[in-house]
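K.L.:
Handing you this structure, nothing more for now.
The values are calculated or read from the model by the stated rules, or taken from the named source; none is laboratory data. All figures in this text were calculated on a predicted structure; none of them were measured in a lab. Here Cβ is always computed from backbone atoms with ideal geometry, including for glycine, and neighbour counts include all displayed protein chains.
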């Protein structure tokens, strides 16, 4: 088989991405990438400005208080740009860590020689508010960072409650809302968030290529000269976009930006974030009910808030279960899921976001039922 035959086979084998990003996108979002754009062109830069304003409008009613910065790379690039650009050399950050992405923030901060206080919790547990309040008495802590939706498990951390403590203590509040912004209703001004970070290929339902930061304007203006990196200098990126009408400092992912603009239009057509949240929530509830009927157990207990973004399930007790076999069986049926990420637990994850509807979840459940009967010899029937 030659290279073209291999490519044609890959294009023919379409499947639904049931992952927390990249995720399945609409045909119209993909089609938007079929035109080339010049980064210096006024039409393109005007598009960037429109995107920036639309993101602020989605985030809050207090639109005058906030601004948006777009940053090349994956969501982690955007997170690192914030940590490396808003914390001065003499300042200290508290990072709340109950999953892989909280741990990644700690790794970034230490690599950047930022002094870190780390509060670590089990991946299946919510942060302890009383402990956070106690730690915040440290006057040397200037910033606090936390992940909203930890896709390690699908837990939704209580950023409203944590934020109240952070602001009562007079600290700068950084929220990694990578997998939640655009899919869970929030007003970042009401939550008193100073810097919120997300990515093009999550709940907005664009494709990978850039992240974005929604920042309180007065906070961002104080960050000039603080950056520990040239490419990831958040202030300089913002200042250039402000002064040059949407111009990026370095080559921008033009096709991805255009696809993201289309995704924003489609979010609006769907009915906005509330409507998308309801679809995601229905997907997750349909999935959980069906998986329970098939004998699978969720990793998160009732003491934690399960997000509508992604759900983690334990392996079934059967010694015949093989995740790789399970994965390949579902892929052949047209569905791609994620392996587990929880330390010391045999589990897998199923995402509910993207261009995914209830009938898609029902189709997945039917495919899992077939797998259970064929490979595990369980006479499971979906509810």
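To keep it simple, each residue is scored yes or no on (1) farther than 25 Å from residue 22 by Cβ; (2) modelled with pLDDT of 95 or more; (3) surrounded by 15 or more Cβ atoms within 10 Å (Cβ to Cβ).
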site	(1), (2), (3)
268	no, yes, no
274	no, yes, no
286	no, yes, yes
309	no, yes, yes
319	yes, no, no
338	no, no, yes
342	no, no, yes
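K.L.:
Now a separate question. Of everything in the range 136-154, what is surrounded by 18 or more Cβ atoms within 10 Å (Cβ to Cβ) and outside any strand (DSSP E or B)? Give them in sequence order.
P.N.:
Once the filter is applied, which keeps residues that are surrounded by 18 or more Cβ atoms within 10 Å (Cβ to Cβ) and outside any strand (DSSP E or B), the range 136-154 yields 136, 148, 151, 152, 153, 154.
K.L.:
Something else now. I'm trying to understand the selection: among the residues of the range 120-134, which are more than 25 Å from residue 19 (Cβ to Cβ) and surrounded by fewer than 18 Cβ atoms within 10 Å (Cβ to Cβ)?
P.N.:
120, 128, 129, 130, 131, 133, 134
K.L.:
Right, another one. Residues in the range 343-361: is at least one without any contact (Cβ under 8 Å) to a residue 24 or more places away in the chain and assigned to a strand (DSSP E or B)?
P.N.:
At the first step, the residues of the range 343-361 found to be without any contact (Cβ under 8 Å) to a residue 24 or more places away in the chain are 344, 359.
Filter once more, so that each one left must be assigned to a strand (DSSP E or B): none.
No - not one qualifying residue is present in the range 343-361.
K.L.:
Can you list residue pairs whose Cβ atoms sit under 8 Å apart, with the first residue in the range 121-134 being without any contact (Cβ under 8 Å) to a residue 60 or more places away in the chain and the second being part of a helix (DSSP H, G or I)? Count only pairs 6 or more apart in sequence or on different chains.
P.N.:
Sorted first by the residue in the range 121-134, then by its partner, the pairs are 127/162; 129/161; 129/162; 129/165; 132/162; 132/165; 133/165.
K.L.:
Quick check on my filter: what residues within the range 155-175 are buried (at least 24 other Cβ atoms within 10 Å of the Cβ) and outside any strand (DSSP E or B)?
P.N.:
The initial filter retains those residues of the range 155-175 that are buried (at least 24 other Cβ atoms within 10 Å of the Cβ), namely 155, 157, 159, 166, 173-175.
Within the range 155-175, 157, 159, 166 meet the criteria.
K.L.:
Then there is this: Would you mention how many residues in the range 223-240 are closer than 26 Å to residue 167 by Cβ and without any contact (Cβ under 8 Å) to a residue 12 or more places away in the chain?
P.N.:
Qualifying residue count, the range 223-240: 1.
K.L.:
While we're here: Could you list all residues from the range 11-30 that are touching a residue at least 12 places away in the same chain (Cβ under 8 Å) and out of contact with any strand residue (DSSP E or B) (no Cβ under 8 Å at 6 or more places or on another chain)? I'd like the intermediate steps shown before the answer.
P.N.:
Applying the first criterion (touching a residue at least 12 places away in the same chain (Cβ under 8 Å)) to the range 11-30 yields 14-26, 28-30.
14, 22, 25, 26, 28, 29, 30 - these are the residues of the range 11-30 that are touching a residue at least 12 places away in the same chain (Cβ under 8 Å) and out of contact with any strand residue (DSSP E or B) (no Cβ under 8 Å at 6 or more places or on another chain).
K.L.:
Identify the single condition in (1) modelled with pLDDT under 95; (2) in contact with a strand residue (DSSP E or B) (Cβ under 9 Å, 6 or more places away or on another chain) that residue 326 does not satisfy, given that it satisfies every other one.
P.N.:
Answer for residue 326: the failing condition is (1).
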